[in-house]
C-alpha cells in the first residue's frame, strides 16, 4: 500500500468507526465489558467494514466485506464474551492508534489510561449501516469513583 492509499484507508476506518452510548459518541478506552449485568442505556459499536475485514483477514479469518454481518453475528452467538472484547479492541485500535512505534515507544510519554465509565452488557443484533458494521445492544454506566 502506498502512503496515500494507507492514509485514505486509515481516514476511512476512523470516519466509519465510533462507539455511541445513549446517542453520544464516547471514548472507546472508557468502555468495559460485563455481560452478566443488566444495562439500561443503548450502545452502538460502529466499525468500518473495510478495516474490520482487513483485521479479520490479518488474523487468518477468510471473510469478505459482504460476509461480515453474518460472520460477526455468528461469532457473537458462539462466544459472546471473547467476540465483544475482540470487536471493542479493534474499535479501540482504529480510534486510539499508538502514536509511538518501535524504539520511540520506549521514550514516549506514557498517557494516563482513562477510567472505565460504561460496561457493554448485551449485544442484541448486528447490522450493516453504510460502510460500517454496527453491533447494537445495551450498556450500563458505572458509579463515578472520583467523588
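The values are calculated or read from the model by the stated rules, or taken from the named source; none is laboratory data. Note that the structure is predicted; figures quoted are calculated from it, not measured. Here the Cβ positions follow ideal geometry from the backbone for every residue, glycine too, while neighbour counts run over all protein chains shown.
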- Looking at region 43-53, is at least one residue part of a helix (DSSP H, G or I), free of Cβ contacts under 8 Å to residues at least 24 places away in the same chain and within 15 Å of residue 132 (Cα to Cα)? yes
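Anything in region 55-72 that is in contact with a helix residue (DSSP H, G or I) (Cβ under 8 Å, 6 or more places away or on another chain) and in contact (Cβ under 8 Å) with a residue 40 or more places away in the chain? List them, or say none. Reasoning before the result, please.
Applying the first criterion (in contact with a helix residue (DSSP H, G or I) (Cβ under 8 Å, 6 or more places away or on another chain)) to region 55-72 yields 55-56, 61, 63-65, 68, 71-72.
Listed by number, the residues that qualify are 68, 72.
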- Being farther than 26 Å from residue 113 by Cβ, touching a strand residue (DSSP E or B) at 6+ places or on another chain (Cβ under 7 Å), at pLDDT below 95 and assigned to a helix (DSSP H, G or I) narrows 8, 12 down to just 12
- Task: Six or more apart or on different chains, Cβ under 6 Å: which pairs go from a residue in region 82-108 that's over 16 Å from residue 27 (Cβ atoms) to one that's modelled with pLDDT of 70 or more and assigned to a helix (DSSP H, G or I)? Could you list them?
- Result: 83/75; 83/76
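Conditions (1) modelled with pLDDT of 95 or more; (2) surrounded by fewer than 17 Cβ atoms within 10 Å (Cβ to Cβ); (3) over 17 Å from the mean Cα position of the chain (by Cα); (4) more than 19 Å from residue 11 (Cα to Cα), marked per residue:
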residue	(1), (2), (3), (4)
52	yes, no, no, no
91	yes, no, no, no
97	no, yes, no, no
102	no, yes, yes, yes
- Task: For region 67-88, indicate whether the set of residues that are surrounded by 19 or more Cβ atoms within 10 Å (Cβ to Cβ), in a helix (DSSP H, G or I), within 15 Å of the chain's Cα centre (by Cα) and modelled with pLDDT under 95 is non-empty.
- Result: no
- Query: Looking at (1) touching a helix residue (DSSP H, G or I) at 6+ places or on another chain (Cβ under 9 Å); (2) surrounded by fewer than 19 Cβ atoms within 10 Å (Cβ to Cβ); (3) at pLDDT 95 or above, can you tell me which one residue 123 breaks?
  - Reply: (2)
